[in-house]
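For reference, the structure discussed in these notes is given below.
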Amino acid sequence: MRVLVVKTSSMGDVIHTLPALTDAVTALPGISFDWVVEEAFAEIPAWHPAVKRVIPVAIRRWRKTPLATARSVEWRDFKGQLRKSNYDLVIDAQGLVKSALVARLVKAPRVGMDFATVRERAAALAYHRRVHVPRDLHAVERLRLLFAEALGYPKPPYRGDSGLDLNRFTTSGATEPNLLFLHGTTRADKHWPEPYWLELCRLATAAGYQVNLPWGSEAERERAERIAAVSPAARVLPKLNLHGVASALVRADAVVSVDTGLGHLAAALELPTVALYGPTSPALVGTYGRNQYHLLAADAPAPLDKSIRPAAMASLTPEIVWQTLSPLLSPAQD
């Protein structure tokens, strides 16, 4: 059986879909998947052994110039990629109008969530079969249920497994005890206050750990340099692609992350991760899997310093984070 998955973005949403594929392969050993995904995240589906072909799409870029895109060679090539294979089923795992329109380009039965539970109601008009997926489930469990209903097997009762092989990302050579700080996110109010990162870096390096700081933009690089400046045991990593970040993650003893796509990657790799949440809740879209520890600003005492920004994260002090993080670590050797 050959199935086309449409799940284009974001990074966290793409990663949340992986356990559904693992369920499907376990229940239906002969099944294989192709996957339509935004070009920026095209590396990720290819990491799952059940994915045979990744078809990059550039909706984020194309929608800036829709008329030119409709006449472009790139758009014709994309449609040609979709029509190279005969699919038994198309699963729209995104539930948006844009993903439903992509699914309609394929001549195969289409399945998605029903009008009551899809993210954009109009998307459900594109499906031949609609599945009711309760909204009060975590995103990973919603997708596992969608795939189970679409493909005709019972959703497994155990925790989902991303199916990623850590050996894909491991490199040779000894690794110093180290922590990885995922400090970059898109929304200003989801950032952890920079003075807190500086203090956590001091605590971690004083305990004998190297702190590694990845970055993806110039603003993140500058922040990483300011954090690293507090200790010679802190290091700003070079600019990395997703595979490179995954390789740095699997070499880490633990991860501290704001609410960001790379935090979901750390979770998919089952790394001990302390994830920090302020204006958002992890209940439905938080990091998922083994070794995940969620700290919510709403659960912490009000901060004494009212000047800390963003205010939504100010109650999650470095001391609170270190109290959660340090028991996860083996004593670092000098």
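The values are calculated or read from the model by the stated rules, or taken from the named source; none is laboratory data. No experiment lies behind these values; they were computed from the predicted model shown. Every residue, glycine among them, receives a Cβ derived from its backbone with ideal geometry; neighbour counts consider all protein chains shown. Protein only, heavy atoms only, side chains kept; ligands, DNA and RNA dropped before computing areas. Shrake-Rupley method; radii C 1.70, N 1.55, O 1.52, S 1.80 Å.
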Practice prompt. Look through SER330, SER326, SER307 and report the one residue that is assigned to a helix (DSSP H, G or I) and open to solvent by 20 Å² or more (accessible area, probe 1.4 Å).
Written response: SER326
Worksheet item: Which pairs have Cβ atoms under 6 Å, sit 6 or more apart or on different chains, and link a residue in the stretch 46-64 that is free of Cβ contacts under 8 Å to residues at least 12 places away in the same chain to one that is surrounded by 16 or more Cβ atoms within 10 Å (Cβ to Cβ)?
Response: ALA46/VAL54
Worksheet, complete the sentence: Residue count, the stretch 228-271, condition closer than 19 Å to GLU176 by Cα and either assigned to a helix (DSSP H, G or I) or of a type in the set (Ser, Thr, Tyr) (or both), comes to 10
Worksheet item: THR69 is checked against (1) over 26 Å from the mean Cα position of the chain (by Cα); (2) among the polar types (S, T, N, Q); (3) open to solvent by 20 Å² or more (accessible area, probe 1.4 Å) and fails just one. What number does that condition carry?
Response: (3)
Fill in: Filtered residue count, the stretch 281-302, keeping only those that are assigned to a loop (DSSP other than H, G, I, E, B) and open to solvent by less than 30 Å² (accessible area, probe 1.4 Å)
4
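Considering the stretch 220-236 alone, what residues qualify as being small (Gly, Ala, Ser), over 22 Å from SER247 (Cα atoms) and in contact (Cβ under 8 Å) with a residue 24 or more places away in the chain?
SER231
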Discussion item. List the residue pairs whose Cβ atoms are under 6 Å apart, where the first residue sits in the stretch 276-297 and is without any contact (Cβ under 8 Å) to a residue 60 or more places away in the chain and of a type outside the set (A, V, I, L, M), the second is in a helix (DSSP H, G or I) and open to solvent by 30 Å² or more (accessible area, probe 1.4 Å), and the two are 6 or more positions apart or on different chains.
Written reply: TYR293/THR324
Worksheet, complete the sentence: Wholly inside the stretch 36-80, helices (runs of 4 or more DSSP H) that include 3 or more residues that are at pLDDT below 95 are 59-62, 66-70
Item to complete: Being under 14 Å from ALA224 (Cα atoms) and buried (at least 21 other Cβ atoms within 10 Å of the Cβ) is the filter here, so list the residues in the stretch 197-212 that pass it.
Response: TRP197, LEU200, CYS201, VAL211, ASN212
Fill in: Residue satisfying all of: in the stretch 1-15; assigned to a strand (DSSP E or B) and open to solvent by less than 10 Å² (accessible area, probe 1.4 Å); farthest from THR185 (Cα to Cα) among these
VAL3
Worksheet entry | Residues located in the stretch 150-175, provided they are open to solvent by less than 80 Å² (accessible area, probe 1.4 Å), closer than 24 Å to SER9 by Cβ and assigned to a helix (DSSP H, G or I) | ALA150, LEU151
Response to the item:
Filtering the stretch 98-149 for residues that are among the β-branched types (Val, Ile, Thr) and either more than 30 Å from ALA267 (Cα to Cα) or loosely packed, with under 15 Cβ neighbours inside 10 Å (or both) leaves a count of 1
Worksheet item: In the stretch 285-328, how many are among the β-branched types (Val, Ile, Thr) and more than 30 Å from ALA20 (Cβ to Cβ)?
Response: 4
Worksheet item: Can you tell me which of GLU220, GLU270 is closer than 30 Å to LEU143 by Cβ, touching a Lys or Arg at 6+ places or on another chain (Cβ under 8 Å) and open to solvent by 30 Å² or more (accessible area, probe 1.4 Å)?
Response: GLU270
Discussion item. Let me confirm something: among ARG53, ARG63, which residue is open to solvent by 50 Å² or more (accessible area, probe 1.4 Å) and touching a helix residue (DSSP H, G or I) at 6+ places or on another chain (Cβ under 9 Å)?
Written reply: ARG63
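Per-residue answers, yes or no, for (1) out of contact with any Leu (no Cβ under 9 Å at 6 or more places or on another chain); (2) not charged (D, E, K, R):
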{"site": "LEU213", "(1), (2)": "no, yes"}
{"site": "GLY216", "(1), (2)": "no, yes"}
{"site": "GLU225", "(1), (2)": "no, no"}
{"site": "ALA229", "(1), (2)": "no, yes"}
{"site": "PRO232", "(1), (2)": "yes, yes"}
{"site": "LEU237", "(1), (2)": "no, yes"}
{"site": "VAL250", "(1), (2)": "no, yes"}
{"site": "ALA254", "(1), (2)": "no, yes"}
Worksheet entry | Cβ pairs under 8 Å, 6+ apart, first in the stretch 117-140 and closer than 16 Å to VAL97 by Cα, second of a type in the set (Ser, Thr, Tyr) and open to solvent by less than 100 Å² (accessible area, probe 1.4 Å) | ALA123/SER99
Discussion item. Here's a check for you: in the stretch 16-35, which residue that is part of a loop (DSSP other than H, G, I, E, B) and open to solvent by 20 Å² or more (accessible area, probe 1.4 Å) is nearest to ASP92 (Cα to Cα)?
Written reply: LEU28
